[in-house]
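**Student:** Handing you a structure now.
The values are calculated or read from the model by the stated rules, or taken from the named source; none is laboratory data. The structure displayed is predicted, hence computed values, not measured ones. Using ideal geometry, Cβ is built from the backbone for each residue, glycine included, and neighbour counts are taken over all protein chains shown. Note: areas computed on protein heavy atoms with side chains; ligands, DNA, RNA excluded. Shrake-Rupley method; radii C 1.70, N 1.55, O 1.52, S 1.80 Å.
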Amino acid sequence: MQTSAELAAMRRAIIISASGLGSTSPNPPVGCVILDAEGSTAGEGYHLYKGSAHAEVNALAAAGARAAGGTAVVTLEPCNHTGLTPACHQGLLDAGIARVLIAVLDPTSRGEGGAERLRRAGVEVETHVLEQEALVVLAPWLASLAWQRPVLHLLRQLDTSGHPAPPSTEAVAEADKQRLVHDLVISAKDVVEEGRPGCHGTSVFRLPTGPLPAAPEAAVIHLTATGARTVLLTGTSKLSDRLLGAGLVDRLTFLQPIPTPSRTAASDASLPLPEGYALSRITRVGEQLVITAERRS
Ligand SMILES: Nc1c(N[C@@H]2O[C@H](COP(=O)(O)O)[C@@H](O)[C@H]2O)[nH]c(=O)[nH]c1=O
């Protein structure tokens, strides 16, 4: 059982983990909060990009000596391997952490998971704490791991009849907002760039050197090789049409002008929603409806 302070700490860890969206790939966005032995917040941290400190290391550094006898609240199972950075489970043990709360188990745990290692060292460990809420941030990373390719998101302006149209100011603003949380953005001219240039650190992320192959499956292999977990396709291009046609686009966001209250529908007045997608969210921005649909996997 968790105390209300521990649940609040997990929510804080989940929220700050989202600060790493768009920059941690191929690593996951992870957040961590350290509570001292009395249950008060002593420090927090998140993972920013591969090669930089993991969330637990940043949180422990902030907590300092107050971590001893305290609780680590972390959105993903602490790693048990020494990679570009030291193993997090060891860092927690060295700091004298007595209890660890984990939201999501790490499917990439090499050999024995960090949770098990901590338990064997005498630490009290609880897993699946607010797991569904942590998935709000971690789901795309987990999906990309499972599918061994980036999650693809297509954002497109439509006219009132459902045909592709030049972007409205609302569509441009939506694309500018979305690019902050995607690893790569592919523009209407098929140019591939980082959502936030340089944010993945140096020598980790490899952008394609030439144009992407025309075949959708081959294009996805090239995108996977960059280390990207999430890719935003903006505008209308042959590549985005081919990826959509091949069923490789996972999320669709359409912007469509608000229709008049009474309107004679044109025969083609529908949304170009392919088979296998379901509406997940509809909202309004300015004079546009923003319609989101997800691929049912
Ligand atoms: N970023 C992160 C974790 N990421 C884990 O570490 C792996 C990457 O290791 P490395 O390349 O050495 O940084 C990654 O695949 C995932 O399993 N784990 C954590 O406990 N906390 C973190 O903040």
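**Student:** Return the residues of segment 88-108 that are assigned to a loop (DSSP other than H, G, I, E, B), within 9 Å of the ligand (Cβ to nearest atom) and crowded, with 18+ Cβ neighbours inside 10 Å; say none if nothing qualifies. Lay out the reasoning, then the answer.
**Tutor:** First, pick out the residues of segment 88-108 that are assigned to a loop (DSSP other than H, G, I, E, B): 95-98, 105-108.
Cutting the leftovers down to within 9 Å of the ligand (Cβ to nearest atom) gives us 106-108.
Within segment 88-108, 106 is the sole residue that qualifies.
**Student:** So, restricting to strands (runs of 3 or more DSSP E) that lie completely within segment 184-297, which ones have at least 2 residues that are of a type in the set (Ser, Thr, Tyr)?
**Tutor:** On the way: elements: 184-186, 192-194, 230-234, 251-257, 277-285, 288-295.
Result: 230-234, 277-285.
**Student:** Additional query: Just give me the residues in segment 1-19 being open to solvent by 40 Å² or more (accessible area, probe 1.4 Å) and either farther than 28 Å from residue 49 by Cβ or within 20 Å of the chain's Cα centre (by Cα) (or both), in sequence order. Give the steps one after another, and end with the answer.
**Tutor:** Step one: filter segment 1-19 for residues open to solvent by 40 Å² or more (accessible area, probe 1.4 Å), giving 1-5, 7-8, 11-12, 15, 19.
Selection gives 1, 2, 3, 4, 5, 7, 11, 12, 15, 19.
**Student:** Hey, can you tell me all the residues within segment 143-178 that are open to solvent by 40 Å² or more (accessible area, probe 1.4 Å) and not polar (S, T, N, Q)?
**Tutor:** Selection gives 145, 146, 147, 159, 163, 164, 166, 167, 172, 173, 176, 177.
**Student:** Within segment 56-82, take every residue that is assigned to a loop (DSSP other than H, G, I, E, B) and within 11 Å of the ligand (Cβ to nearest atom) and give me the one that is most open to solvent (accessible area, probe 1.4 Å). Give the steps one after another, and end with the answer.
**Tutor:** Our first condition is that a residue be assigned to a loop (DSSP other than H, G, I, E, B); within segment 56-82, this holds for 68-70, 77-82.
Now narrow it down to the ones that are within 11 Å of the ligand (Cβ to nearest atom): 77-82.
Details: 77: 15, 78: 1, 79: 15, 80: 16, 81: 49, 82: 114 Å².
Per the stated criteria, the residue is 82.
**Student:** Kindly indicate the residue of segment 32-47 that is within 16 Å of the ligand (Cβ to nearest atom) and touching a residue at least 40 places away in the same chain (Cβ under 8 Å) and also nearest to residue 14 (Cα to Cα) among those meeting that condition. Spell out how you get there, then give the answer.
**Tutor:** Start the filter on segment 32-47 by keeping residues that are within 16 Å of the ligand (Cβ to nearest atom), which leaves 32-34, 43-47.
Those left that are additionally touching a residue at least 40 places away in the same chain (Cβ under 8 Å): 32-34.
Numbers: 32: 8, 33: 9, 34: 13 Å.
Restricting to residues being within 16 Å of the ligand (Cβ to nearest atom) and touching a residue at least 40 places away in the same chain (Cβ under 8 Å), the top hit is 32.
**Student:** A further question on this structure: Filter segment 22-46 down to residues that are surrounded by fewer than 20 Cβ atoms within 10 Å (Cβ to Cβ) and not in a strand (DSSP E or B), then give me how many there are. I'd like the intermediate steps shown before the answer.
**Tutor:** Step one: list which residues in segment 22-46 are surrounded by fewer than 20 Cβ atoms within 10 Å (Cβ to Cβ), which gives 26, 36-41.
Among the residues that remain, those that are also not in a strand (DSSP E or B) are: 26, 36-40.
The total comes to 6.
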